[in-house]
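The values are calculated or read from the model by the stated rules, or taken from the named source; none is laboratory data. It should be emphasised that the depicted structure is a prediction, and the values quoted were computed from it without experimental measurement. For neighbour counting, all protein chains shown are included, and Cβ atoms are generated from backbone atoms with ideal geometry for every residue, glycine included. Areas reflect the complete protein model, heavy atoms only, side chains present, ligands, DNA and RNA absent. Shrake-Rupley method; radii C 1.70, N 1.55, O 1.52, S 1.80 Å.
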Amino acid sequence: MSSSDIALILRWLVPLWLLGWAVFPVSRRLFSFLPDQGLAVGRVLVILLGALAAFWLASVHVLPLSVGILFVPAMAIGGALQWRGSGARAAIKEARKSLVFSDCVFVVAMLFFVWVRLRHPSINDLEKPMDLALLSQSAKAQMLPFEHFWFAGVDFTNYYFFGPFMGGLLARLLATPAPYAYNLVQPLFCALFLSVLWSLGAALARSKWLGLGVMALVGLGGHLEPLRQLSQGKPLGELDWWKTSRVIPSGSVYPPANDSFTITEYPAFTQLIGDAHAHFYALALAMTHFCVCLGIIRVQSERARVGLVVIGGALVGVVALTNTWDVPLYGLLWAICVFYSVRKDPKPQLTQNAAYAGFGLAAVAALPFFLRFRSQIGGGGFELWIPHLFSFALFWGGWLALGIIAFGFEIGKLVPSREGDFRRMLLALGVIAVVFPSVYFIGGVFAGGEARHQDTVFKFYLQGWLLAGVAVGSEFLLRLRVWSRGKSFSVPAWIGVFALAGVLSLAPYATFKTRTQGYGEDGLSLDGGKWLSQSDHKAIEWLRDQSGVVVEKLDQNNAGDYDANMGALATQSGLPGFLCWPGHVRSWGFQNDATLEAMKKTPELGSDSSIKPEELRAKMLEAVRNAQTDSVNRQIDERTRDLNTIFSGSPEERKKLVGKNGISFVVVRPGQPPMADVNFESHEFTGDDGSLTIILERRGF
C-alpha cells in the first residue's frame, strides 16, 4: 500500500472521528440515555442533516453544492463552540468506558472495511459502477437534479440517490477523487452503522458487552442457509456466497426450475460485497432513526424530547430521499413513539406541537426531490404469496428461535420499562415487514412474471432484519444474562449461544472469503479504477477538471447490463456520458412524456366490467411498461445510431451529430478508426504500460 493511500485513509478517518467529538456537547443533551451519550449518533446526524441542507438548497437552485458542502463543517464548529460550560467534560468522566467502546467500534470497523476494499478496490462488478456514477455526479454537480450519467441531456429523476449524494459531498469536502472516495465512503458508512447499532444495542440490553452481541447478531451475523449447502456435500471452505443472498425461491419449489429467487440480503452481506446502493446507506440511517425514536419515549427532559421529535420527523424525510421503501414502517415507528410519549407524559402539548412540526419537516425535506421524481414503472397489488417454508426457516430460523425464547418463554424476569416497550414496538413492526410481502407486492422493474415479489421481499425483509433483529437480539441477551446469574447450569446455555453464533457466522464468512481471497496479491490500493489502463487514468484525471458530455464507443454486443467498460471514463470522471450501458438504461429506464400519457390512458381499461381485477392490473401494467419500453428503446436506438456514425462516419456527419447532441469530448482508443478532424483538438494520454487513450475535444462549433 502506498504512502499516499495511508495519508488518504487518515485524511478521512481522523476528521470523521473528530466530528462526533465536535458535536458531543449537543448530542449528549439529546441522547443521554445512550451509553456513549450520543457520540456515535451525533456523528451520523451531522452528516445527514448537513447533507440535507445542501441537497435542499441545491434542489431549489438557491445555493450551489460547492458552497453547500460547508454545512457539515459549520455544524461541527457550532457544536464545538458549545464545549465551554456544557458539562461535557463531566459527562466524559462518567461514561469514559462507554465512550472508549464507541470510538473503538467506529475506528476498528472503518479500518476493517477499508482493508476489505483495499484488497478488492476495482469498481467494476455488480452494481458498483452505477453507485460510483451517482457519487461522481454528486461530487461534481452544482445544482440538482444532475444529468443522467449514462444518458446525457435527461435529468436523473427516477431513483432516490441521497445516499451516494452524501458520499459525493464528503468526497468534495475532503478533496478526494470519486474512484478513491468510493472505497472510503463505503467503509465509513459500515462504521457508522455498526457504531450506532452498538450504542442502541447496549442501551436496550443494558450492557456494553451485550451491545457487542446485538451488533454481532444484527450487523455481522448471517442465517442458516449454509447448513443446506453443507448437507448437499458442499465443503465448508467452498460455500456459495451468492446463495446466501438468494435463499428463498420466487415460487414454491426449491430449487426453482428457472433459477428465479427473491433477494434476501442481510446486513453483513450488504456491507461485505461493497455495493454502495440505496439500501446500504439506509443501514446507518435506520439505526440513527431507531435511537431518535427510543429517545422520544425515554428522555426525561422536555426540551430534549421536543428536539428529538423534530429531528425524527426530518429523518423520515431523509429516509424518503435515501431508500423510499423504508418510509412506511420507519415513519410509523416515529408516529407510534410520539403517540406513546404523548399518552405517558403529563404535559404533552409541546410534544404534540413538535410532532406537527416534525411531520411538516418530513414533507418539506423530501418535497424538492419528489416534485421531480418519476418512479420506475411497477405497480403492485394484493396477492397471497407463501414462501418456500424450508427456505424461509433457513433464513429466519435463528431469529425465530431466539425470539420464541425471549418473548415467548420470557426467561429471566425483567422489570417493565420504556426500553422494553420499545423492543416490542420494533418486534411488531419487524413482523409486519416480514409478513407484508406475503400479501402485497410493490413492483419495480420486476413487476411482471414470477419475479414480481423480488423487490418487495428484498426491501421489507431487510427492514424486518433490522427491526426484529435489534428487538430479539437485545431482549434475548438481556434475559439470558438475568436468568443465568447464580445458576451453575447456565454454562451449557451460553455454550449453545456461542455455537449458534458460529453457525450464523458461516454465511458472512463465505462472503468475506470470496470478496477478499485472491485479491490484493499485486498490492493493496484504494484506486477504484485500478482495473483500467494507465492512459485511461491520465485521461480521467484530465476530464475531471472539464465540463461537458463525453461519448465512448460501445462494444458490438451492447445489450448487457453489467459491463463496467461501457462509459468507464464518464463514470470515473463525473461527466455525463452520451450513451453508456444501454442494457442498464433499458432496464432502469426513465419516465418521459410518452410514458406519462400511457399512464393517463390506462384507466380506460377499467370500463370493461368483464375483466377481473387481477387481469385489469396486469393489463394496466403491461400498457404502461410497453409504452415506456418502446419510448426508451426508440431513444436508445437513435443514440446508438448517432454514436456509431460519430465513430465511423465522415467528418461532416461527425460534426453535425456532435453539435446536435451537445457532445464535448470523444474518446478514441487503439484499434478504432482514425478520427483526425480539424473540428477537434486532440489530447493524447500514454501510459508506461504501453496504453494509449485519445480524447478529441470539440472546438469552434
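In the set (1) under 20 Å from ARG43 (Cβ atoms); (2) touching a helix residue (DSSP H, G or I) at 6+ places or on another chain (Cβ under 9 Å), the condition left unmet by LEU126 is number (1). Kindly indicate whether any position in region 247-266 is assigned to a helix (DSSP H, G or I), crowded, with 24+ Cβ neighbours inside 10 Å and under 19 Å from the mean Cα position of the chain (by Cα). There is no residue in region 247-266 that is assigned to a helix (DSSP H, G or I), crowded, with 24+ Cβ neighbours inside 10 Å and under 19 Å from the mean Cα position of the chain (by Cα).
Selection of region 292-314 for residues being more than 23 Å from the chain's Cα centre (by Cα) and farther than 23 Å from ARG423 by Cβ yields GLU302, ARG303, VAL306, GLY307, VAL310. Considering region 508-548, and only residues there that are part of a loop (DSSP other than H, G, I, E, B), open to solvent by less than 50 Å² (accessible area, probe 1.4 Å) and of a type in the set (Ser, Thr, Tyr), the residue that is nearest to GLU147 (Cα to Cα) turns out to be SER533. Just name the residue that is farthest from MET75 (Cα to Cα) out of those in region 24-43 that are surrounded by 24 or more Cβ atoms within 10 Å (Cβ to Cβ) and of a type in the set (A, V, I, L, M). Going through the qualifying residues, I end up with LEU34.
To keep it simple, each residue is scored yes or no on (1) open to solvent by 20 Å² or more (accessible area, probe 1.4 Å); (2) on the phi < 0 side of the Ramachandran plot.
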residue	(1), (2)
PHE339	yes, yes
VAL342	yes, yes
ALA355	no, yes
GLY360	yes, yes
ALA365	no, yes
ARG372	yes, yes
GLY380	no, no
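If the condition is being acidic (Asp, Glu) and not in a loop (DSSP other than H, G, I, E, B), then region 1-41 contributes only ASP5.
Restricted to region 304-320, and to residues there that are open to solvent by 10 Å² or more (accessible area, probe 1.4 Å) and without any contact (Cβ under 8 Å) to a residue 60 or more places away in the chain, the residue that is nearest to ALA366 (Cα to Cα) is VAL316.
For every residue, the table says whether it meets (1) more than 26 Å from LEU70 (Cβ to Cβ); (2) open to solvent by 10 Å² or more (accessible area, probe 1.4 Å); (3) part of a loop (DSSP other than H, G, I, E, B); (4) among the aromatic types (Phe, Trp, Tyr).
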site: PHE113; (1), (2), (3), (4): yes, no, no, yes
site: ASN124; (1), (2), (3), (4): yes, yes, yes, no
site: ASP131; (1), (2), (3), (4): no, no, no, no
site: TYR180; (1), (2), (3), (4): no, yes, no, yes
site: LEU184; (1), (2), (3), (4): no, no, no, no
site: SER195; (1), (2), (3), (4): no, no, no, no
site: TRP198; (1), (2), (3), (4): yes, no, no, yes
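Of the residues making up region 658-673, one or more are in a helix (DSSP H, G or I) and either modelled with pLDDT under 70 or open to solvent by less than 20 Å² (accessible area, probe 1.4 Å) (or both).
Take the conditions more than 26 Å from the chain's Cα centre (by Cα) and modelled with pLDDT under 90 and apply them to VAL482. Does it pass? If you could, list the steps in order and put the result at the bottom.
Working: more than 26 Å from the chain's Cα centre (by Cα): yes; modelled with pLDDT under 90: yes.
Yes; evaluated as a whole, the condition is true for this residue.
Among residues of region 215-240 that are among the hydroxyl-bearing types (Ser, Thr, Tyr), none has a beta-carbon under 8 Å from a residue that is open to solvent by 60 Å² or more (accessible area, probe 1.4 Å) at least six positions away or on a different chain.
Every residue, every condition in (1) surrounded by 15 or more Cβ atoms within 10 Å (Cβ to Cβ); (2) in contact with a strand residue (DSSP E or B) (Cβ under 7 Å, 6 or more places away or on another chain); (3) part of a loop (DSSP other than H, G, I, E, B), yes or no:
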position: PHE55; (1), (2), (3): yes, no, no
position: VAL62; (1), (2), (3): no, no, yes
position: SER66; (1), (2), (3): no, no, no
position: PRO73; (1), (2), (3): yes, no, no
position: GLY79; (1), (2), (3): yes, no, no
position: ALA90; (1), (2), (3): no, no, no
position: SER102; (1), (2), (3): yes, no, no
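The number of residues in region 642-668 that are aromatic (Phe, Trp, Tyr) and free of Cβ contacts under 8 Å to residues at least 40 places away in the same chain comes to 0. Would you be able to tell me the number of residues in region 303-362 that are of a type in the set (Asp, Glu) and either at pLDDT below 90 or over 27 Å from ASN158 (Cα atoms) (or both)? Total satisfying the criteria: 1.
From the list PHE189, PHE156, PHE149, the one residue that fits, being of a type in the set (Phe, Trp, Tyr), touching a residue at least 12 places away in the same chain (Cβ under 8 Å) and under 30 Å from PHE31 (Cα atoms), is PHE189.
Can you name the residue in region 140-169 that is more than 21 Å from ARG43 (Cβ to Cβ) and small (Gly, Ala, Ser) and, of all such residues, is most open to solvent (accessible area, probe 1.4 Å)?
Quick first cut of region 140-169, residues more than 21 Å from ARG43 (Cβ to Cβ) only: 140-161.
Applying the additional criterion that residues be small (Gly, Ala, Ser) yields 141, 152-153.
Details: ALA141: 14, ALA152: 8, GLY153: 66 Å².
Across region 140-169, the extreme among qualifying residues is GLY153.
Out of everything in region 389-436 that is part of a loop (DSSP other than H, G, I, E, B) and hydrophobic (A, V, I, L, M, F, W, C), what residue ends up being surrounded by the most Cβ atoms within 10 Å (Cβ to Cβ)? Before you say what the answer is, go through the steps one by one.
Keep residues of region 389-436 that are part of a loop (DSSP other than H, G, I, E, B), which gives 410-417.
Filter once more, so that each one left must be hydrophobic (A, V, I, L, M, F, W, C): 411, 414-415.
Working: ILE411: 15, LEU414: 17, VAL415: 6.
Once the filter is applied, the top-ranked residue is LEU414.
Selection of region 226-240 for residues being surrounded by fewer than 20 Cβ atoms within 10 Å (Cβ to Cβ) and assigned to a loop (DSSP other than H, G, I, E, B) yields GLN232, GLY233, LYS234, PRO235, ASP240.
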